[in-house]
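Engineer: Right, I'll just put the structure down here and ask away after.
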Amino acid sequence: MKLIQKAINYVFPFRCSACSNLTDSSDGICGSCWPKFNFITKPYCDICCEKFQVNLGEDAICGRCISHKPKVDTMRSLLEFAPDTKKLIHKFKYNDKTSLGKFFAKLLYNRFEQELKDVDLIVPVPMHKFKRIFRGYNPPQILASELAKQMNKPTVPELLIKEKMTKNQVGLSRAQRSKNLSGSFAVSKNFDVTGKVILLVDDVLTTGATSNECSKILKKSGASVVKLVTIAKVGLG
């Protein structure tokens, strides 16, 4: 069996998902590309994961979350949405590189295992059915499915429904994003989330408008806690 696998690897060698250079690892990223990724490390806001310039303490909360507390209880992101990170995520989101879902899920689980151990259900941010047909797949759903395997928790991709087709969020302000998304999500009546701790999964956290809207309706339906994990986060300064 090992000989067969070696033969397969010789004919179809591993290539880095970031730079496409040959690599001897199936993990997705070569040794040259790893240092280019900016992992988000403490100190950061205990709610939204926004980086602090100085250490304000383990449970410190940023001014934005104090003045406008998010509906999501905690948000955790693996990487800063820098140029090299962006290229890799865009391959996952737009270029059918769905195998990266397993790679990102492993990293998220290894990093945030302790903070997510009380989760009951894993729910991806939904995509409108017409956009899903056009794209062919929903990246957050793939990521949620792979994360569920790592965590040994159930995932319910049909729990949240994107009812309203909204315009692209790129370039919109925080207020414009919230207005654009208002009333666009619904919770399926086929599931009871009363008292549940729900892990919401998305690919990139920007202003938090999407996760806020999802969290709002989940809590309205009875969820006790909503947590969010994403691959990357856009720094808001």
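The values are calculated or read from the model by the stated rules, or taken from the named source; none is laboratory data. Not measured: the values here are computed from a predicted model. Here the Cβ positions follow ideal geometry from the backbone for every residue, glycine too, while neighbour counts run over all protein chains shown. Quick note on the areas: whole protein, heavy atoms, side chains included, nothing else; ligands and nucleic acids left out. Shrake-Rupley method; radii C 1.70, N 1.55, O 1.52, S 1.80 Å.
Conditions tested, residue by residue: (1) over 19 Å from the mean Cα position of the chain (by Cα); (2) closer than 26 Å to Q141 by Cα; (3) at pLDDT below 90.
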position	(1), (2), (3)
N38	no, yes, yes
C45	no, no, no
D59	yes, no, yes
C62	yes, no, no
K87	no, yes, yes
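Engineer: Just to check your reading of the model, which residue among N95, N152 is farther than 28 Å from S224 by Cβ and open to solvent by 10 Å² or more (accessible area, probe 1.4 Å)?
Structural biologist: None of the other options fit; the residue is N95.
Engineer: Looking at segment 81-91, is at least one residue open to solvent by 20 Å² or more (accessible area, probe 1.4 Å) and under 30 Å from F191 (Cα atoms)?
Structural biologist: No, segment 81-91 has no match at all.
Engineer: Within segment 125-139, is even one residue open to solvent by less than 30 Å² (accessible area, probe 1.4 Å), at pLDDT 80 or above, among the hydroxyl-bearing types (S, T, Y) and in a loop (DSSP other than H, G, I, E, B)?
Structural biologist: Yes, because at least one residue in segment 125-139 is open to solvent by less than 30 Å² (accessible area, probe 1.4 Å), at pLDDT 80 or above, among the hydroxyl-bearing types (S, T, Y) and in a loop (DSSP other than H, G, I, E, B).
Engineer: Failed condition for F112, given (1) in contact with a Ser or Thr (Cβ under 9 Å, 6 or more places away or on another chain); (2) modelled with pLDDT of 95 or more, with all others met?
Structural biologist: (1)
Engineer: A further question on this structure: Tell me, which residue of segment 218-237 that is touching a residue at least 40 places away in the same chain (Cβ under 8 Å) and either in a loop (DSSP other than H, G, I, E, B) or open to solvent by 10 Å² or more (accessible area, probe 1.4 Å) (or both) is farthest from M151 (Cα to Cα)?
Structural biologist: For segment 218-237, the residue satisfying everything is L236.
Engineer: How many of the residues in segment 98-115 are in a helix (DSSP H, G or I) and open to solvent by less than 60 Å² (accessible area, probe 1.4 Å)?
Structural biologist: Counting residues in segment 98-115 that are in a helix (DSSP H, G or I) and open to solvent by less than 60 Å² (accessible area, probe 1.4 Å) gives 9.
Engineer: Across segment 83-139, what is the total count of residues that are among the charged types (D, E, K, R) and closer than 25 Å to P35 by Cβ?
Structural biologist: So the count comes out to 10.
Engineer: Does segment 47-58 contain any residue that is touching a Phe, Trp or Tyr at 6+ places or on another chain (Cβ under 6 Å) and open to solvent by less than 20 Å² (accessible area, probe 1.4 Å)?
Structural biologist: Looking for residues that are touching a Phe, Trp or Tyr at 6+ places or on another chain (Cβ under 6 Å) and open to solvent by less than 20 Å² (accessible area, probe 1.4 Å), one finds none in segment 47-58, hence no.
Engineer: Suppose we filter segment 38-79 for residues that are more than 19 Å from D202 (Cα to Cα) and touching a Ser or Thr at 6+ places or on another chain (Cβ under 6 Å); how many remain?
Structural biologist: Going through segment 38-79 one residue at a time, the tally reaches 0.
Engineer: Out of the residues in segment 185-211 meeting the condition of being touching a helix residue (DSSP H, G or I) at 6+ places or on another chain (Cβ under 7 Å) and outside any strand (DSSP E or B), tell me which one is nearest to L78 (Cα to Cα).
Structural biologist: Top of the filtered list is D203.
Engineer: Keeping to segment 140-149, report how many residues are more than 14 Å from I198 (Cβ to Cβ) and either touching a Gly at 6+ places or on another chain (Cβ under 9 Å) or open to solvent by less than 70 Å² (accessible area, probe 1.4 Å) (or both).
Structural biologist: 5
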